Amino acid sequence: MGNFAANEGLSVFVILVWLGINAFLFVQFYMAFLVERWFYTRVLLGQALSWARAPAACLNFNCMLILLPVCRNLLTLLRGSIQCCSRTAARQLDRNLTFHKLVAYMIAFHTAVHIVAHLFNFEYFMDAQLNRNSSLLPFILSEIGTGDNASFLNPIRSNETNPTIVMFTTIAGLTGVAITLALILIITSSMEVIRRSYFEVFWYTHHLFVIFFIGLVFHGFGRIVRGQTAASLKTNIPDVCADQFEDWGTNGSNCAVPEFAGNPPMTWKWVVGPMILYVCERLVRIYRSHQKVVITKVVMHPSKTLELQMKRKGFHMEVGQYVFIQCPSVSRLEWHPFTLTSAPEEDYFSAHIRIVGDWTQALYEACVGDKTEPQEAWKLPRLAIDGPFGTASEDVFRYEVVMLVGAGIGVTPFASILKSVWYKRIQNNQDVFTKKIYFYWLCPETEAFEWFADLLQSLEGQMTEKGMTDFLSYNIYLTRWKETEAAHFRVHHEAENDPITGLKQKTLYGKPNWDNEFTNIESKHPGTKAGVFLCGPPALGKSLEKQCLSHSEADVKFIFNKENF
Amino acid sequence: MGKIEWAMWANEQALASGLILLTGGIVGVAGQFRGWQFAAYAVAAGVFVCLLEYPRSKRSKGTSVERSGQYCFTVCVKAFGPLTRNYYVRAFLHAAICVPGGFMLATVLGCVCLGIASLIYLVAAIRGEHWEPILPRKEVRKPITESIKNPPQNPPPRPPAEIRRKRVDDLEGAAYDNPISVTDNE
C-alpha cells in the first residue's frame, strides 16, 4: 500500500482536488441563483435555471483547464524547473494527456447537463408566452419590456414562434449549437480506434476546437439569462410584491413594475489566459520549425525502420527525449512525435522511424524512395523539428537500480540511454549514480534486432574490455517465431554466440516471467529505490504496474514510469 | 488521407447520434414538452440507430477491434444481407430517420449529428466500402496424415517384475531377450 502512495499518490491527489473544485463551483453557482434577484426568473423557470447555470460555471473552469496540458513547451519548461525540487511532481506532468482526456469527459458531461436544463428553460419560456391569461404571473412577467425591448425578462418575445426558431435566432442559441456540434465531432474522431488507425482524421478534426473556443466566448454576449436589476429590487420586493402582480405600477400600490437585465459575459475572463498561452505555444512551435534542420545521414534498416540523422544549430537534448518532426513536402499541417535514439554526447541527433502509415510511408519515399545509389544531400527533403520535449526517461540516472523494458519499436528511448551510459561510463569514466541496469527487450520478429543488436554488440565488447560486465544485464525475448526458425534455433543452441543477435547473451523465447524477475532484483538490491521504465503497449504496462505494486515491500520500492504516445 | 476507412468514423458518429437522439427524446417525453410525439419517435429512432450501429464492421486492412458483446448484434445485422451491407442504404436511411427530429428543439441536436453521420457514410459508400461482420475465426485443423497410425491400445508385453529389476551386482546376467518381438505391426 505504501508503494501505491509513492506511485499514484500525487495523481490521486490532483484528481481529487480537481473534482473538488468542480463540485464546489457547481454547488456555489447553483445556490447563487436561488437568491432574491432571480426570484421572478425562477417563477418562470423553477429549478431548471440553477441546473443550467451550475454546469455553465463548471464548463468555464474546465475549458480553462483543457488547453493547458497540451502546451508541450510550457510543460517541458515547468518540468525542468520542478525537477530540482521534486521528482514525483515532475512525473505528474508526464500524465498530461490523461488529464486532458479527463477534462474533456467532464466538459462533455457538463455540456449534457447544461443542454438538458436549457431544453426545459426554453419550454418553460415558451409556455409563459403561450398561456396568455392576465391572471397568470408568468404571462404578466413575459409581457414586461415589450415597449422598450430592454428591461424584459422572457427572451422569447412573442407567441408566434417556437423554441427551435428562437434557438436559431439568438446568439446564445446559434453559438450553442455550433460549439456542441464541434464538441461532438471532436469526441467521435478522438475515439481510440480512430486515433490509432487514422491519426490524420483525429488531428484535423481536433482543430475544430478553434470554433469551439470562439463560440464559447461569444455564447454569453446575448445576455439572455436575466435577473432583476438592483434599482428595481428597491421598488419591487419579490417576497412582498409577487402576489400583488395584478396591481403593479398602478396608483396606490407600492410595487412598481420590475425591470430586468442580463449578466455581462463571464466566460472570456476564464479562458483568455489559456488561449493566450496556447497561441504562444503554437508560435514557439512555428519559430522552431523555421530553424534549419539538415539531414546528415539516412539509413534504411530491416523491419521497415528508417533512421534519420540530423543536425540543427543550437539543438540540445537529454536522454530519452522526443521531438516532433514535420516534413512540409509530405504534409504542411502534420507533426508526428518520435523518440530520439542518439545520446546527448553525439554531435548529431537521430530518430528511428517505423513505416506504418500514410505519413511515414511518404517520408520514406521522399528520403529514400527506390534509389539504390547514394542520394545527393540537396535532394533530401527539408524537415522541421519541434522540441526536444522531456518525458519519463530523463529520470533514469536518478535511480540507483534501473529496470528498462521496451517492446518492439518501444526500445528507442532506451537506445538513447544505453548510448549515453556508454559515453559517460566508458569514454569519460564519469561516476554515474546508477549502479545497475536491467534491460529487457521484447520483440516479435528477428529482423528488428539488427540496428539495436549492433549497439548492444559494441556495448558488450567495450564492457568486457573494461571489465565492467556486471553493470548492464540485458535480456532479449523473442515473442513470436515460425517453425522453420525454431528448428534453426534448436540446432544452434549450443553455439557460443546467439544465432539471432550474435551476442554472447542468449536470446530467450516467449515472454518473461515478471514475478521471477522482480523477485530476483528485489533480493539482489535490498533497501533501494528501483526505477522501472516501460515503453510499450498498455497491457504490458498494466502487468508491470501490478508487479511494481506487489513487489514493493519494506525495503525495496519499485517506481513505475510509463512512456506512451 | 489515403488509407482511411471513413465508415469507421461514420460508425462512431452515428452511434453517438443515436444516443443523443435517444436522450433528447427521453427529455422531451419525460418533460411532456410540446411536440412530445416527435420526442417519442426520437426514442424509438435512437434505439434503432444504436442497435444498427453497435456492431463494428470488419476492417478491410488491419485488425478489427470489436465492441464488447457485439456478437449477437452482428448476427442480427448480418441477417438483413445487402440492406445493411451497403453503405448507400445506410446513408439514405440515416438521412431519412433524422428528419423528424428537426421539428422539436429537444431532438434537433440528434437530428443534425445523425445528418453528419449520414454524410460520412455517403463518402464511405462512394469510396466503395461495405459492412463486413466480425465473426469468430473457425480453427482449421490440419487433417491427420496417413503416416500416423492408431496409437497402441495395450502396453507392450514385458516379463514379470523380478526379472526386470536391475541387478547391479550381476549386469551380465541381468540382460535378457524379449520373448515377443517389439517391432512395428507389418
Residues of the stretch A:312-362 satisfying the condition of being charged (D, E, K, R), over 15 Å from A:Q291 (Cβ atoms) and in contact (Cβ under 8 Å) with a residue 12 or more places away in the chain: A:E318, A:E334, A:E345, A:E346, A:D347, A:R354, A:D358
Does A:T146 qualify as being over 19 Å from the mean Cα position of the chain (by Cα), more than 21 Å from A:N60 (Cβ to Cβ) and within 14 Å of another protein chain (Cβ to nearest Cβ)? no
Looking at (1) within 26 Å of the chain's Cα centre (by Cα); (2) buried (at least 17 other Cβ atoms within 10 Å of the Cβ); (3) of a type in the set (A, V, I, L, M), which is the only condition B:V27 fails? (1)
Which residue, of A:S134, A:S151, A:S158, A:S189, is without any contact (Cβ under 8 Å) to a residue 60 or more places away in the chain and away from every other protein chain (no Cβ under 12 Å)? A:S158
I want to confirm something. Restricting to the stretch A:193-202 and keeping residues that are free of Cβ contacts under 8 Å to residues at least 60 places away in the same chain and more than 8 Å from every other protein chain (Cβ to nearest Cβ), which single residue is most open to solvent (accessible area, probe 1.4 Å)? A:R196
Away from chain A (no Cβ under 14 Å) and either in a helix (DSSP H, G or I) or within 24 Å of the chain's Cα centre (by Cα) (or both): is that true of B:Y121 in this structure? no
Just checking, how many residues over the stretch A:203-217 are open to solvent by 30 Å² or more (accessible area, probe 1.4 Å), closer than 19 Å to A:L333 by Cβ and either away from chain B (no Cβ under 11 Å) or in contact with a Ser or Thr (Cβ under 8 Å, 6 or more places away or on another chain) (or both)? 6
Could you tell me which residue of the stretch A:161-186 is farthest from A:L97 (Cα to Cα), considering only residues that are within 8 Å of chain B (Cβ to nearest Cβ) and hydroxyl-bearing (S, T, Y)? A:T164
Can you tell me which residue in the stretch B:106-134 is surrounded by the fewest Cβ atoms within 10 Å (Cβ to Cβ), limited to those that are without any contact (Cβ under 8 Å) to a residue 24 or more places away in the chain and either charged (D, E, K, R) or over 25 Å from B:G62 (Cα atoms) (or both)? B:G115
Would you list the helices (runs of 4 or more DSSP H) that sit entirely within the stretch B:1-81 and hold 2 or more residues that are touching a Gly at 6+ places or on another chain (Cβ under 6 Å) and facing another protein chain (nearest Cβ under 9 Å)? B:6-30
Residues satisfying the stated conditions in the stretch A:24-43, i.e. surrounded by fewer than 16 Cβ atoms within 10 Å (Cβ to Cβ) and either in contact with a helix residue (DSSP H, G or I) (Cβ under 9 Å, 6 or more places away or on another chain) or modelled with pLDDT under 95 (or both): A:V27, A:Q28, A:M31, A:A32, A:L34, A:V35, A:E36
Pick from the stretch A:357-405 the residues that are at pLDDT 85 or above and small (G, A, S): which of them is nearest to A:Q326 (Cα to Cα)? A:A384
Against the definition (in a helix (DSSP H, G or I) and either at pLDDT 75 or above or under 23 Å from A:E522 (Cβ atoms) (or both)), how does A:V432 come out, yes or no? no
Okay, helices (runs of 4 or more DSSP H) sitting entirely in the stretch A:44-98 with 1 or more residues that are modelled with pLDDT under 90, I get A:72-83, A:87-92
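The values are calculated or read from the model by the stated rules, or taken from the named source; none is laboratory data. This one's a predicted model, so the numbers in the text were calculated from it and none came from an experiment. For neighbour counting, all protein chains shown are included, and Cβ atoms are generated from backbone atoms with ideal geometry for every residue, glycine included. Keep in mind that these areas ignore ligands, DNA and RNA; they rest on the heavy atoms of the full protein, side chains included. Shrake-Rupley method; radii C 1.70, N 1.55, O 1.52, S 1.80 Å.
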